[in-house]
Amino acid sequence: MSSETSNKKFKRMSESERIADYDHATQKILEEMDVIQTQLDSIKEKASEEVLQIDIKYNRIRKPHLDKRSQLISNIPNFWATAIMNHPDISNLFSGQEEEDCLHHLTKIEIEDFDDILSGFIIKFYFDENPYFENPVLTKEYVLGNDSPSSKSTPINWKEGVQLGQVSQEVNKTNRKRRLESTRTSFFTWFTDNVDPCTDNIAEDFKDDLWENPIQYFLVADGQEEENGVEGEEETSSDENEDPGEPDNQSGSSGQGNSSRPV
């Protein structure tokens, strides 16, 4: 796209100057359209403000229900560990055995929007006593409502001789295809990484998917994820590598079968 076309599409500062390039009748139409567009922009802005106020209102209404849900979850052993390991993306963060063992000490997750919703949110992970770190709560906070979005994490007080999240390439080579992403990210490397919160897809997975409906992941039947995910990928790969001459043999076999049928 040329810079001239781009300016016509995205910049409205010089619209009156561009309108002047047309004949009088077209100018009148374009001027009326411009007035209507300004009105539409104003309506859209007002609608956004009202929708935000509705979101804020219902966030407050949701809070006691979320608190009740957390109370019920606390009575189910390893609820969050199960839900996380059944999640197709978040589970990739727990490729190492020690990290997966640590996950079983996770007792509670809380995710809270800031009061105005738009400016950010906080994710809290609650752990019981464990052999890995001293913190009872690990918190990651995202501040998004400014020109320079940022995030910050609780410093982890590791116990002596322990520091999880050091994922090796060699270990991950033995993992299945869909877990290869964990060579770059584990739970603790994600948790302590605050370089670019705008590209943090893991935070979105926690906030907009797992937190919204964790029971759907807790109730995933044993083997269902493997059946629908990894094994399906392997079958596809197997089909792609199939000998192209094989269908001809099958066709021939089918033909023999037809010839043996009684007339």
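The values are calculated or read from the model by the stated rules, or taken from the named source; none is laboratory data. Given the structure is predicted, the values throughout are model-derived calculations rather than measurements. Cβ: placed from backbone, ideal geometry, glycine included. Neighbour counts: every protein chain shown. The accessibility values were calculated without ligands, DNA or RNA, using every heavy atom of the protein model including side chains. Shrake-Rupley method; radii C 1.70, N 1.55, O 1.52, S 1.80 Å.
Scanning the stretch 187-199 for residues that are open to solvent by 20 Å² or more (accessible area, probe 1.4 Å) and in contact with a strand residue (DSSP E or B) (Cβ under 7 Å, 6 or more places away or on another chain) yields 192, 194. Listed by position, the strands (runs of 3 or more DSSP E) contained in the stretch 91-157 that have at least 2 residues being open to solvent by 30 Å² or more (accessible area, probe 1.4 Å) and touching a Pro at 6+ places or on another chain (Cβ under 9 Å) form an empty set. For the stretch 16-53, the set of residues classified as modelled with pLDDT of 95 or more and among the aliphatic types (A, V, I, L, M) consists of 36, 40, 43, 47, listed by residue number. Scanning the stretch 109-149 for residues that are without any contact (Cβ under 8 Å) to a residue 60 or more places away in the chain and of a type in the set (Lys, Arg) gives a single hit, 124.
In the stretch 196-209, the residues that are in the same structural domain as residue 153 (by the TED database) form no Cβ pair under 9 Å with any partner that is exposed (fewer than 10 other Cβ atoms within 10 Å of the Cβ) and assigned to a helix (DSSP H, G or I), whether six or more places apart or across chains.
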